[in-house]
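FYI, it's all coordinate maths here, none of it is from the lab. Everything numeric here is computed off the predicted structure, so don't read it as measured data. Cβ sites come from the backbone with ideal geometry, for glycine too, and all protein chains shown count toward neighbours.
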Protein chains: 2
Amino acid sequence: MTQPADDAVAAPLGRSRAEETAAALRALIADAELTPGMRLAEVDLARTHAVSRNTLREAFRILSEQSLVVQVPHRGAFVATPSVMSIIDIYHVRRMIECGALRTALPKHPGVTRMREAVDTALAARESGDWRTVGTANILFHSAIIELADSPRLARFADALAAEVRLAFGLVDDPEYLHAPFIDQNARIVELVAAGSADEAAEALEGYLHRAERVLVTAYERASAARA
Amino acid sequence: MTQPADDAVAAPLGRSRAEETAAALRALIADAELTPGMRLAEVDLARTHAVSRNTLREAFRILSEQSLVVQVPHRGAFVATPSVMSIIDIYHVRRMIECGALRTALPKHPGVTRMREAVDTALAARESGDWRTVGTANILFHSAIIELADSPRLARFADALAAEVRLAFGLVDDPEYLHAPFIDQNARIVELVAAGSADEAAEALEGYLHRAERVLVTAYERASAARA
DNA sequence: TTGCGCTAGATTGTTCAACAATGCAAGCGA
DNA sequence: TCGCTTGCATTGTTGAACAATCTAGCGCAA
């Protein structure tokens, strides 16, 4: 029987070890401990996660379907590397679905509370210069917008998009630059929704996401050039 | 070495056997040879597809992430069964993304040609009473709408939704009832887009999808009751 | 010195056998 | 008839083995 190790998968709570392993890897990717392009060596990872190679391969399949991992036949699995085209596509889709969710938003929807909480978190974190928390709050803000649509499928889709864009954030590695310009905009959007001005909120978000895309794409290209 | 069998996976063309197996199973599901709720027994399927159980499990993971298969720990894998809530969610999301894609459609986009081809196919099939082809053409019509958005992620998401809703179509098993009322509506929507009336087309699609949802939900409930 | 070809080693993709864990169905007893 | 127990079938996982593939390094020739 394999011995538990540092990254060992905890006893499953109704989840299989493959799923637990996938979740653990997903967290490592989200925390930028596994970075885009990094090769995920089966033998090493199976050992550190205390699972067999077959179980790890199942986990890779899960993550591959979630676009977080790319499996190249006979060469291995790699943490996905977003391309500029990917970033553009993600923001294009985000504009469609987030603005769509906002347009039909009800002012008293629980998602609005979550949006406000995310904004409050970001404002407090900004005071103490904790830009990493600002970045996380920003992601939660967008997740809360999607929550307004009350759709599990849309939430899942948006979650996958967010995980991908987070890879790009990690590569740029400057949460202040990426998120600081938008904190007050987030606050404004919440107020518009709460005041029943859904169309105006959607209009504001549309412009905001265009700008956020510009900021990320140029920063991403700069970071990519600096690493080449 | 495992011997090829009837459902054996062909030699991979750059794809792994797990992926080929997943694709083969997906086709069986789409063709209603594997129907919702059906149990996918590993030992049997591994034999008929001439792969090992581990490889089959990888294929299950792929399909599970695509919501076509549900893996229940220690009980097995089953072809997903759409619930009424699922159908409602799918149509809710389809309205958002298809109408969104239509609103920004360009009249000369190649997707419009594909929409028109799907309509022509449906019209011809209607003449000969080939309702199964009408159903397939209808699915292609909606896929073409998504193509207007030029987004690989959105296309992939919409493809997954379509695969799910197709399960429900299969359970109702009456393509004439489900699709006949909408053929002429599809034709009208194409003409509106081609004429540059994108907003009007989106408006028409919004109402259409509401009605289509009503038709499917009631037919689905009737079919479910008849099988209980 | 440089470029090309070949080989060895590392790794992945898959298979197989085995065993533990789990759930379900059948049988038995109250 | 209902509840409990047991046995069997199946799934979840492991580990070993081997084929297939790729990459890197070495040697030789120009």
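Specify whether the C-alpha gyration tensor of segment B:17-79 places it in the rounded, prolate or oblate class, a ≥ b ≥ c being the square roots of the eigenvalues: rounded for a/c under 1.5, otherwise prolate if a/b is larger than b/c and oblate if not. Kindly include the intermediate steps, with their values, before the conclusion.
Details: a/c = 1.31, a/b = 1.10, b/c = 1.19.
Rounded.
How much net charge surrounds residue A:200 when only the other residues with a Cβ under 15 Å from the Cβ of residue A:200 are counted, with Lys and Arg +1 and Asp and Glu -1?
-3
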- line: If labels are modelled 7 Å from Cα along the Cβ direction, residue A:150 lies from its partners in the other copies at nm distances, smallest first, of 3.6
message: How far apart, in nanometres, would the label points at residue A:210 and residue B:217 be if each is projected 7 angstrom from Cα along the Cα-to-Cβ direction?
response: 3.6 nm
query: So how tilted is helix A:152-172 from the main axis of chain A? Cα-based, degrees 0 to 90, rounded to 10.
result: 80 degrees
query: Using 7 Å Cα-to-Cβ label points, what is the residue A:43/residue B:38 separation (nm, one decimal)?
result: 4.1 nm
task: Tell me the label-point distance for the pair residue A:203, residue B:188, using the 7 Å Cα-to-Cβ offset, in nm and rounded to one decimal.
output: 3.0 nm
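Could you work out the Rg to Rh ratio of segment A:143-185, with Rh taken as the Kirkwood radius (inverse of the mean 1/r over all Cα pairs)? Working shown, then result.
On the way: Rg = 12.5 Å, Rh = 11.7 Å.
With Rg and the Kirkwood Rh in hand, the quotient comes to 1.07.
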query: Out of every Cα-Cα pair in the protein assembly as shown, what percent are more than 29 Å apart?
result: 54 percent
statement: Of the candidates B:224, B:178, B:157, the farthest towards the positive dipole end of segment B:118-228 (Lys/Arg Cβ +1, Asp/Glu Cβ -1, centred on the Cα centre) is B:224
field: Net charge over other residues, Cβ less than 9 angstrom from the Cβ of residue B:213 (K, R count +1; D, E count -1)
entry: +4
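Taking the Cα centre as origin and putting +1 on Lys and Arg beta-carbons and -1 on Asp and Glu beta-carbons, what dipole magnitude results for the protein assembly as shown, to the nearest 20 debye? Write out the running numbers ahead of the final one.
Values: 50 positive and 62 negative charges, 169 e Å.
That gives the protein assembly as shown a dipole magnitude of about 820 debye.
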- request: Please list, in chain and number order, the residues 5+ apart from residue A:15 or on another chain whose amide H is under 5 Å from its amide H, with Hs placed from the backbone.
  value: none
query: What is the Cα centroid distance between segment A:33-80 and segment A:148-216, reported in whole angstrom?
result: 29 Å
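Quick one: dipole size for segment A:17-79, taken about the Cα centre, charges +1 on Lys/Arg Cβ and -1 on Asp/Glu Cβ, in debye to the nearest 20. Show your work: numbers first, answer last.
On the way: 8 positive and 8 negative charges, 48 e Å.
Its charge dipole is roughly 240 debye.
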- request: Of the options B:196, B:55, B:88, report the single residue whose Cα projects farthest towards the positive end of the charge dipole of chain B (beta-carbon charges: Lys, Arg +1; Asp, Glu -1).
  value: B:55
Using a 7 Å Cα-to-Cβ projection, residue B:206 label spacings across copies, nm, ascending: 1.4
- prompt: Taking amide H positions as placed 1.01 Å from N in the peptide plane, with prolines and chain starts having none, which residues 5 or more places from residue B:40, or on another chain, fall under 5 Å of its amide H?
  reply: B:77, B:78, B:79
Karplus-derived HN-Hα couplings along segment A:190-207 (A = 6.51, B = -1.76, C = 1.60, θ = phi - 60°), whole Hz, x at Gly and Pro: 4, 5, 4, 4, 4, 8, x, 8, 5, 5, 5, 4, 4, 4, 5, 5, 4, x
- line: Shortest first and in nm, the label-point separations between residue A:53 and its counterparts in the other identical copies (7 Å out along Cα→Cβ) come to 1.9
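Restricting to DSSP H runs of at least four residues, report the calculated mean residue ellipticity at 222 nm for chain B, -39500 (n - 2.57) per run over all residues, nearest 500 deg cm²/dmol. Let's see the in-between values first.
Details: 10 runs with 157 residues, N = 228.
Value at 222 nm, helices only, nearest 500: -22500 deg cm²/dmol.
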query: Which angle between 0 and 90 degrees, to the nearest 10, do you get for helix A:53-65 versus the longest principal axis of chain A when only C-alpha atoms count?
result: 20 degrees
statement: The answer for the net charge of residues other than residue B:64 whose Cβ lies under 12 angstrom from its Cβ, with Lys and Arg +1 and Asp and Glu -1, is -1
